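S.K.: Here you go, one structure.
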Amino acid sequence: MRYSVDVGRVREIQAGINELIFKGKKNALVGHYAGLFPFAGKKMAIHTDGVGTKVLVAQAVGKYDTVGIDAIAMNVNDIVCIGAKPLAGVDYIAVQKEDAFLIHEIMKGLVKGAKESNIDIVGGETAIMGDLIHGEKRPFDLAFTVVGECGNRIITGKDIRPGDVMIGLESSGLHSNGYSLARKALDVKKWGRQMLVPTKIYVKPVLEMIKNANIHGIAHITGGAFSKLTRLNKNVGFFLSDLPKPKPIFNALWNEVQDEMVMYRTFNMGVGMVITVPKKEEKRIIGIAKKHGIKAQYIGEIIKEPGVYLANGTALHY
């Protein structure tokens, strides 16, 4: 079973978009976890994202009060990767018809996610588009945009070097990526509730790590999964030698997919965030994660050979 999205083609499209947007602009942070802009003498970060086809699982199960958490998580987790503190955001909800119950349930999740991230929702858009939005009994789409303030140092991954270690922060489940494949591989009637477990929000522990440790790189494991570690630094290699034992939902996916490369290029496999630091910072990072109730462990080290590799040598990079 294969992932229906051609990631290579997507990257070509993204390169074309970046060429149009950033042509002639110097020092732009291109293709990273957030965009940067100056405001009132400060450097700000901005990012927008949705929850993909996880909304179809919510529709199939008839449970709508958690996808708002996902929408917040996908954004705040991204901008902390460059060292920015999330401050505020706006939502976008598109529905087929006027449905007060549906919108109320979605908003419950958004408010909960905002509270956990310590951000304010300052506005948004609710669009009624019957000609465009179709699907189950209550079809909808959802996206969020977040703005944050950068600290003294923008963390891009340029400081990553051979010998650094990678610490994986445990995920809560599938999070919000890979659902085009997961919905084909899993019986939603059996796995739907577990598929809807909200994306873990890492803002508070990661900001504390940035404040108290020498962080060389941070990666949110989302679309493309571990293959996107190269986003941090294309001049080094990421050797994933000690990944955690997958949770049952990933084992169920493996039973259908039966392709190691597809699994580790599509799903987070139990690791929602990767923190890359000098070896001496390993215990400090794990300790901060534990303080916030998040399991963390050493998952590998940085090597000289560029790319992303599993312990058995399987290459995950494109």
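S.K.: Sort L207, L181 from largest to smallest accessible area, using a 1.4 Å probe on the heavy atoms of the protein chains. Don't skip to the end; give the middle numbers.
M.R.: Values: L207 45, L181 0 Å².
The ordering from most to least exposed comes out as L207, L181.
S.K.: While we're on this one: Need one word for region 120-197: rounded, prolate or oblate. Basis is the Cα gyration tensor (sqrt eigenvalues a ≥ b ≥ c); a/c below 1.5 gives rounded, then a/b vs b/c decides. Kindly include the intermediate steps, with their values, before the conclusion.
M.R.: On the way: a/c = 3.05, a/b = 1.42, b/c = 2.15.
Cα axes put region 120-197 in the oblate bin.
S.K.: Hey, which of these cross-link pairs are over 26 Å Cα-Cα: K26/K234; K23/K43; K211/K291; K63/K291; K26/K228?
M.R.: Values: K26/K234 20 Å; K23/K43 21 Å; K211/K291 15 Å; K63/K291 31 Å; K26/K228 24 Å.
Checking Cα-Cα distances, K63/K291 exceed 26 Å.
S.K.: Could you pull out the pairs from K42/K158; K108/K247; K25/K200; K85/K108 whose alpha carbons sit more than 32 Å apart here?
M.R.: Exceeds cut-off: K25/K200.
S.K.: Still on this structure, please answer the following. Check the straight Cα-Cα distances from K304 and name the aspartates and glutamates below 15 Å, setting aside those fewer than 8 residues away within the same chain.
M.R.: Within the straight-line limit of under 15 Å, K304 reaches these aspartates and glutamates: D159, D164.
S.K.: Specify the inter-centroid distance of region 147-170 and region 100-119, based on alpha-carbon positions, in whole Å.
M.R.: About 29 Å separates the Cα centre of region 147-170 from the one of region 100-119.
S.K.: Name the residue farthest towards the positive end of the dipole of the chain from the options P246, V236, I79, assuming +1 on Cβ of Lys and Arg, -1 on Cβ of Asp and Glu, about the Cα centre.
M.R.: V236
S.K.: What ranking do 113-121, 68-76, 91-99 get when scored by the average of other Cβ atoms within 10 Å per residue, highest first?
M.R.: Taking the mean over residues of other Cβ atoms within 10 Å, the ranking is 68-76, 113-121, 91-99.
S.K.: What accessible area per residue comes out for the chain, rounded to a whole number of Å², with a 1.4 Å probe? Before the final figure, lay out each step's value.
M.R.: Details: 14910 Å² over 318 residues.
Roughly 47 Å² per residue, with all protein chains present.
S.K.: Sticking with this one: Taking a ≥ b ≥ c as the square roots of the Cα gyration tensor eigenvalues, with a/c under 1.5 meaning rounded and otherwise prolate when a/b beats b/c, else oblate, which class fits region 1-89?
M.R.: Oblate is the answer for region 1-89, as a/c is 1.5 or above yet b/c matches or exceeds a/b.
S.K.: What are the equivalent ellipsoid semi-axes of region 1-153, built from the alpha-carbon gyration tensor (square roots of five times its eigenvalues), in whole angstrom, biggest first?
M.R.: Over the Cα atoms of region 1-153, the ellipsoid semi-axes are 29, 21, 14 Å.
S.K.: In square nanometres, what is one fourth of the surface area of the convex hull spanned by the alpha carbons of the chain?
M.R.: 16.2 nm²
S.K.: Related question: Considering amide H positions built from the backbone, and no H for Pro or chain starts, which residues 5 or more places from D164, or on another chain, come under 5 Å of its amide H?
M.R.: I302
S.K.: What's the magnitude of the charge dipole for region 1-97 around its Cα centre, counting Lys and Arg as +1 and Asp and Glu as -1 at the beta-carbon? Answer in Debye, nearest 20.
M.R.: That gives a dipole near 280 debye.
S.K.: If amide H atoms are built 1.01 Å from N in the plane of the peptide, which residues on other chains or at least 5 residues away come under 5 Å of the amide H of Q297?
M.R.: Those qualifying (amide H under 5 Å, at least 5 residues apart or on another chain) are G168.
S.K.: Another question, if that's okay. Leaving ligands, DNA and RNA out of it, rank K291, K204 by accessible area with a 1.4 Å probe, largest first.
M.R.: Working: K291 145, K204 105 Å².
Of K291, K204, the descending order of accessible area is K291, K204.
The values are calculated or read from the model by the stated rules, or taken from the named source; none is laboratory data. The structure displayed is predicted, hence computed values, not measured ones. Glycine gets a Cβ as well: all are built from the backbone with ideal geometry, and neighbour counts include every protein chain shown. Heads up: the accessible areas ignore ligands, DNA and RNA and are worked out on the full protein's heavy atoms, side chains in. Shrake-Rupley method; radii C 1.70, N 1.55, O 1.52, S 1.80 Å.
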